Amino acid sequence: MDFGRISRRHLLQGGAALTIGAAAGVRPALAAETTIGFIYVGSRDDYGYNQAHAQGAAALKKIPGLKVVEEEKVPETDAVEKTIESMINLDGATLLFPTSFGYYNPHMVKMASKYPKLRFEHCGGLWTDKDPKNAGSYFGYIDEAQYVSGVVAGLTSKSSKLGFVAAKPIPQVLRNINAFTLGAKSVNPKATTQVIFTGDWSMPVKEAEATNSLIDQGVDVLTCHVDGPKTMVENAVRRGAMVCGYHTNQSALAPKAYLTGAEWNWEALYPKFVKMITAGEEIPNFYRGGLKEEIVKISPYGEAVSAEARKAADEAKAKFLSADGFAVFKGGLVDNKGKTVIAAGTDRGQKDPELEKMDYLVEGVIGATS
Amino acid sequence: MADASIGLWTVPLAVLGGAIRVSTPFLFVSLGECITERSGRINLGLEGTLVMGAMSAYGISYLSGSPWLGVFAAGITGALLGALHAGICSLPRVNDVAVGIALMLFGTGLAFYLGKPLIEPTAPRLPAIDFGWWSDIPQVRAALRVNVLFLIGVALAPILYWAFRTTRWGLLIRTAGESADAARAMGHSVLLIRLRATMAGGFLAGIGGSFLSLFYPGSWNEGLSSGQGITAVALVIFARWDPLLCLWASLAFGGAAALGPALQSVGVTSGYHLFNAAPYILTLAIMIITCSPKRTLTGAPAELSITR
């Protein structure tokens, strides 16, 4: 496929969306006290990653005295700098949330140095001491929620074969696949996860084909890590398989087959950030957390989840919520090529930076990263 | 489905299933473009038409509860976009390729804008016909769940082939495509013939779009087409403007789209990007083998702006 042409087209569409947005009146209201800007890389109603952020933005809109401006489909190029500039200069935004991974360096870092009095909060980036002090990066350890999904999937599957439709073999995705598998194996040692990479974040036809191929192999519970899980969920359900959701709650698409899901909880985090700012507290520049910190959450269990699976999943969740926390990736971990990737005796806790460089699939995953 | 694994048989079965499931939009767009190009005009805007068709089909199906009404609405939307293309191109000194690109951007942009509220709701889908009833293997049954649109598309290819050769309309379209002067000398309006041919092409491309959103993958989102319309336009050249070859080329591209995921599912995991690129490598190879500096492409309508 001619990706060069597609991305250029998307760029133009982004420009068109901007013009339409401006015409429709996404303009400053001078009466508002604080204006917060949200920037999304895709459509904010994608039923996935961007929608989760938009739900967080919607939670801020409910707080009196706050005004939220949003722009979607902003590419990860200097286009995002122009968007930030216009949100600052035209809308008077003082707090900005560029929510896509590629916005961070150099674009947001550059803007943060240019406007040192304003606050920038980026999702997914790795803030270091060299970056401006008014910039911050936050992210959620959603692999904890995937681990719990894995527990439910491992106990629900009849064939003990689980499927994972993934976009690209990058650390965040591999971490989710591995955590899902480890969760399943913790309750069902026979469980395996077969993974298929589609090659990009939004490829509906490939995602549907991957879903069908997995089910042809006998997989009966599927989950995914792509931008919009709707295609996987609908096609799996048509074939009679069960699903675990991702990004947001997709249970409305398949009330009977939706087991649970790993969701972002930005609508809890963003108001927390605002509270910290109004109270005069500093938001830590490097902000991370999982279930305990309420940055990620688990969808309510569906009707197909047995009492046994509910109990096991609740226990796993309780371990994450306990004071000591729970390390998904523990020593004596072997990858699916037989190599020991974490030596016995070492626990890699959720915040361990080594995990953000993950390049392996654990034992029990069928598939390869390249 | 406890003991349902069928091992390596997954691959040929998935390619067969993929050929049936994935090929339909390619088939409709390429047959539509075949009609348009045979009349001497290229409509590159069919990517936009496909996406608009997908969006309007989903929207109408959701609002009315009838997927067939959605298919019809998609066809009408496509025909209107075709009329827009033909209308602009009938002005003097307008380049049809440039208009096509403009309409491609217009169609996708408009569909994304109007389609915003349609991403979450679930619209009624088109039914499937179960051709796998004779088999006990669930994988075979799943692969042979065929949609009526696919059958219509398959039937349409020989009908068009026959119509181009023997019917009055077919001959008129070909005359306009081979020599506009000859058509004019016979007293026919070339612009009117091309308007009708472009509208017919748009109608079919719109229906191709409705298959995407109402059958497979079966929901509306903005990545739905990811370039299938453009690929289908290229298929027409690949298929030498022959409707029957369009059918085979569409089936091959559909099957190839299933190859990458199917190979990964049986454990062939290295080089999946290469397998995903298989249809395009095939196209390039055939283009290189069959091209010649001494003559234009065989079968190309003489009036086409790319061959003139």
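The values are calculated or read from the model by the stated rules, or taken from the named source; none is laboratory data. Not measured: the values here are computed from a predicted model. When we count neighbours, we look across all protein chains shown, and the Cβ atoms used for this are built from the backbone with ideal geometry, even at glycine.
Mind listing just one residue for me: the one in segment B:249-262 that is touching a Phe, Trp or Tyr at 6+ places or on another chain (Cβ under 7 Å) and surrounded by 24 or more Cβ atoms within 10 Å (Cβ to Cβ) and, of those, farthest from the other protein chains (Cβ to nearest Cβ)? Don't jump to the end; show me each part of the working.
Step one: of segment B:249-262, the residues touching a Phe, Trp or Tyr at 6+ places or on another chain (Cβ under 7 Å) are B:249-250, B:253-254, B:259-260.
Narrowing further to those that are surrounded by 24 or more Cβ atoms within 10 Å (Cβ to Cβ): B:249-250, B:253-254, B:260.
Details: B:249: 16, B:250: 14, B:253: 11, B:254: 9, B:260: 7 Å.
Going through the qualifying residues, I end up with B:249.
In this structure, is residue A:209 among the charged types (D, E, K, R), modelled with pLDDT under 95 and closer than 23 Å to residue A:321 by Cβ?
Working: among the charged types (D, E, K, R): yes; modelled with pLDDT under 95: yes; closer than 23 Å to residue A:321 by Cβ: no.
The answer is no for residue A:209.
Every residue in segment A:41-74 that is in a loop (DSSP other than H, G, I, E, B) and either more than 14 Å from chain B (Cβ to nearest Cβ) or of a type in the set (S, T, N, Q) (or both), please.
Looking only at segment A:41-74, we keep the residues that are in a loop (DSSP other than H, G, I, E, B), and these are A:41-48, A:62-65, A:72-74.
Of everything in segment A:41-74, those that are in a loop (DSSP other than H, G, I, E, B) and either more than 14 Å from chain B (Cβ to nearest Cβ) or of a type in the set (S, T, N, Q) (or both) turn out to be A:43, A:62, A:63, A:64, A:65, A:74.
Within segment A:230-240, track down each residue that is closer than 13 Å to residue A:163 by Cβ, surrounded by 24 or more Cβ atoms within 10 Å (Cβ to Cβ) and either more than 10 Å from chain B (Cβ to nearest Cβ) or of a type outside the set (S, T, N, Q) (or both).
Within segment A:230-240, A:232, A:233, A:236 qualify.
Out of all the residues in segment A:211-225, which are facing another protein chain (nearest Cβ under 7 Å) and either assigned to a loop (DSSP other than H, G, I, E, B) or of a type in the set (Gly, Ala, Ser) (or both)?
A:213, A:217, A:218, A:220
Report those helices (runs of 4 or more DSSP H) wholly inside segment B:194-308 carrying at least 2 residues which are of a type in the set (A, V, I, L, M). Walk me through it before giving the result.
Details: elements: B:228-238, B:243-265, B:272-276, B:278-290.
The qualifying helices (runs of 4 or more DSSP H) are B:228-238, B:243-265, B:278-290.
Within segment A:178-210, track down each residue that is away from chain B (no Cβ under 13 Å) and under 28 Å from residue A:351 (Cβ atoms). Let's see the steps before the verdict.
Narrowing segment A:178-210 to residues away from chain B (no Cβ under 13 Å): A:178-189, A:191.
Passing the criteria: A:178, A:179, A:180, A:181, A:182, A:183, A:184, A:185, A:186, A:187, A:191.
Among what's in segment B:263-278 and is in contact (Cβ under 8 Å) with a residue 40 or more places away in the chain and under 15 Å from residue B:18 (Cα atoms), pick the residue that is surrounded by the most Cβ atoms within 10 Å (Cβ to Cβ).
Taking segment B:263-278 first, the residues in contact (Cβ under 8 Å) with a residue 40 or more places away in the chain are B:263, B:265-266.
Applying the additional criterion that residues be under 15 Å from residue B:18 (Cα atoms) yields B:263, B:265.
Numbers: B:263: 23, B:265: 27.
Here the answer is B:265.
Any chance you could count how many residues in segment A:249-268 are part of a loop (DSSP other than H, G, I, E, B), more than 10 Å from chain B (Cβ to nearest Cβ) and closer than 22 Å to residue A:139 by Cα?
At the first step, the residues of segment A:249-268 found to be part of a loop (DSSP other than H, G, I, E, B) are A:249-250, A:254-257, A:265.
Then keep just the ones that are more than 10 Å from chain B (Cβ to nearest Cβ); that gives A:249, A:255-257, A:265.
With closer than 22 Å to residue A:139 by Cα added as a condition, the list becomes A:249, A:265.
Matching residues across segment A:249-268 total 2.
Could you grab me the full set of residues in segment A:339-360 that are closer than 24 Å to residue A:292 by Cα and among the acidic types (Asp, Glu)?
Looking only at segment A:339-360, we keep the residues that are closer than 24 Å to residue A:292 by Cα, and these are A:346-358.
Of everything in segment A:339-360, those that are closer than 24 Å to residue A:292 by Cα and among the acidic types (Asp, Glu) turn out to be A:347, A:352, A:354, A:356.
Looking at segment A:100-210, what strands (runs of 3 or more DSSP E) fall wholly within it and have at least 2 residues that are surrounded by 24 or more Cβ atoms within 10 Å (Cβ to Cβ), assigned by TED's automatic domain parsing to the domain that holds residue A:241 and in contact with a Ser or Thr (Cβ under 8 Å, 6 or more places away or on another chain)?
Values: elements: A:119-123, A:135-140, A:161-166, A:192-197.
Per the criteria, A:161-166, A:192-197.
Do we have residue B:128 as surrounded by 20 or more Cβ atoms within 10 Å (Cβ to Cβ) and aliphatic (A, V, I, L, M) here? Steps first, answer last, please.
Working: surrounded by 20 or more Cβ atoms within 10 Å (Cβ to Cβ): no; aliphatic (A, V, I, L, M): yes.
No.
Scan B:142, B:123, B:157 and give me the residue that is touching a Cys at 6+ places or on another chain (Cβ under 8 Å), surrounded by 19 or more Cβ atoms within 10 Å (Cβ to Cβ) and over 30 Å from residue B:92 (Cα atoms).
Details: B:142 fails: touching a Cys at 6+ places or on another chain (Cβ under 8 Å); B:123 fails: touching a Cys at 6+ places or on another chain (Cβ under 8 Å).
Of B:142, B:123, B:157, the one residue that is touching a Cys at 6+ places or on another chain (Cβ under 8 Å), surrounded by 19 or more Cβ atoms within 10 Å (Cβ to Cβ) and over 30 Å from residue B:92 (Cα atoms) is B:157.
In segment A:123-140, how many residues are in contact with a strand residue (DSSP E or B) (Cβ under 6 Å, 6 or more places away or on another chain) and either farther than 21 Å from residue A:352 by Cβ or polar (S, T, N, Q) (or both)?
Matching residues across segment A:123-140 total 3.
Report every pair of residues separated by at least 6 positions or lying on different chains whose Cβ atoms are under 7 Å apart, first residue within segment B:53-71 and aromatic (Phe, Trp, Tyr), second part of a helix (DSSP H, G or I) and crowded, with 17+ Cβ neighbours inside 10 Å.
Within 7 Å, the pairs are B:58/B:70; B:58/B:118; B:58/B:213; B:58/B:214; B:62/B:118.
Being in contact (Cβ under 8 Å) with a residue 40 or more places away in the chain and part of a helix (DSSP H, G or I) is the filter; apply it to segment A:269-304 and report the residue that is surrounded by the most Cβ atoms within 10 Å (Cβ to Cβ).
A:270
Cβ contacts < 9 Å: first residue more than 14 Å from chain A (Cβ to nearest Cβ), restricted to segment B:201-223; second residue of a type in the set (Asp, Glu), any location; separation 6+ or different chain. Result?
B:201/B:33; B:201/B:37; B:204/B:33; B:205/B:33; B:205/B:47
Would you be able to say whether some residue in segment B:177-191 is touching a residue at least 40 places away in the same chain (Cβ under 8 Å) and outside any helix (DSSP H, G or I)?
Going through segment B:177-191, the residues touching a residue at least 40 places away in the same chain (Cβ under 8 Å) turn out to be B:177-180, B:190-191.
Within this subset, residues satisfying the condition of being outside any helix (DSSP H, G or I) are B:179.
Looking for residues that are touching a residue at least 40 places away in the same chain (Cβ under 8 Å) and outside any helix (DSSP H, G or I), one finds at least one in segment B:177-191, hence yes.
So residue A:336 clears everything in (1) free of Cβ contacts under 8 Å to residues at least 40 places away in the same chain; (2) within 14 Å of chain B (Cβ to nearest Cβ); (3) more than 18 Å from residue A:181 (Cα to Cα); (4) not aromatic (Phe, Trp, Tyr) except one condition, right? Which one?
(3)
At pLDDT below 90 and either touching a helix residue (DSSP H, G or I) at 6+ places or on another chain (Cβ under 8 Å) or not aliphatic (A, V, I, L, M) (or both): which single residue out of B:96, B:136 fits that description? I'd like the intermediate steps shown before the answer.
Details: B:96 fails: at pLDDT below 90.
The conditions single out B:136.
Condition check: under 30 Å from residue A:165 (Cα atoms) and at pLDDT 80 or above. Does residue B:260 satisfy that?
Numbers: under 30 Å from residue A:165 (Cα atoms): yes; at pLDDT 80 or above: yes.
The answer is yes for residue B:260.
Just checking, does segment B:120-127 include any residue being within 26 Å of residue B:216 (Cα to Cα), touching a Ser or Thr at 6+ places or on another chain (Cβ under 6 Å) and outside any helix (DSSP H, G or I)? Even if it seems obvious, please write down each step before you answer.
To start, the set of residues in segment B:120-127 that are within 26 Å of residue B:216 (Cα to Cα) comprises B:120-127.
Then keep just the ones that are touching a Ser or Thr at 6+ places or on another chain (Cβ under 6 Å); that gives B:123-124.
Adding the requirement that they be outside any helix (DSSP H, G or I) leaves B:123-124.
The answer is yes, given that some residue of segment B:120-127 is within 26 Å of residue B:216 (Cα to Cα), touching a Ser or Thr at 6+ places or on another chain (Cβ under 6 Å) and outside any helix (DSSP H, G or I).
Per-residue answers, yes or no, for (1) over 22 Å from residue B:79 (Cα atoms); (2) in contact with a Lys or Arg (Cβ under 7 Å, 6 or more places away or on another chain):
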position: B:149; (1), (2): no, no
position: B:156; (1), (2): no, no
position: B:164; (1), (2): no, yes
position: B:176; (1), (2): no, yes
position: B:194; (1), (2): no, yes
position: B:208; (1), (2): no, no
position: B:239; (1), (2): yes, no
